[in-house]
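The values are calculated or read from the model by the stated rules, or taken from the named source; none is laboratory data. From a predicted model like this one, the values you see are computed outputs, not experimental measurements. Counting neighbours? That spans all protein chains shown, and the Cβs are built from the backbone with ideal geometry, glycine included.
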Amino acid sequence: MSIGTRLKEARKRLKLKQEDFAERCGVVLKTQSRFERDEFTPSGEYLLALDALGIDASYILTGRPSLADETEQALIEAFRRADESTQTQLAALLGIKAPAAISADKAPGAINHAARIKVGVQTSGKVKIKKLRV
């Protein structure tokens, strides 16, 4: 399914005519029509307007919904904070493959400032090992 098709479905779910939908999203009717026919790709401003209407812009662009509600987000955050044993038990309960530990300090983009890392520095053919606080 294309971006245009998903846009058209979203508009129809809101029971809006193209002209009314276009106005609410800050574009003219001709532009809205071209979006729905996949002749143009929506701009960032347009996607923000969709969000203001309660439409999942991520779904419109990719066909995959973003996190839909606070409950799902809370579950993910709780899972990331859980220790590896708890994560493994939850994965087994849900029938999914147990992940490598993805606790809050190991989540993508997270920095654990308390971690101690050994860094090797090559000097004169010998290797010195130093402890470095990150």
Out of curiosity, is ALA10 touching an Asp or Glu at 6+ places or on another chain (Cβ under 9 Å) and of a type in the set (A, V, I, L, M)? yes
Which residue out of ALA74, ALA92, ALA101 is in a loop (DSSP other than H, G, I, E, B) and either at pLDDT 80 or above or more than 30 Å from MET1 (Cβ to Cβ) (or both)? ALA101
Do you know which residues across the range 6-38 are without any contact (Cβ under 8 Å) to a residue 24 or more places away in the chain and closer than 21 Å to ARG64 by Cα? GLU9, LYS12, ARG13
Counted residues in the range 27-39 being surrounded by fewer than 14 Cβ atoms within 10 Å (Cβ to Cβ) and either part of a loop (DSSP other than H, G, I, E, B) or of a type in the set (Phe, Trp, Tyr) (or both) come to 4
When residues of the range 49-64 are filtered for being under 12 Å from GLY26 (Cα atoms) and either loosely packed, with under 14 Cβ neighbours inside 10 Å or among the basic types (Lys, Arg) (or both), how many remain? 1
Any residue at all in the range 63-71 that is free of Cβ contacts under 8 Å to residues at least 12 places away in the same chain and touching an Asp or Glu at 6+ places or on another chain (Cβ under 9 Å)? yes
Determine whether SER43 is at pLDDT below 95, under 20 Å from SER2 (Cα atoms) and within 18 Å of the chain's Cα centre (by Cα). no
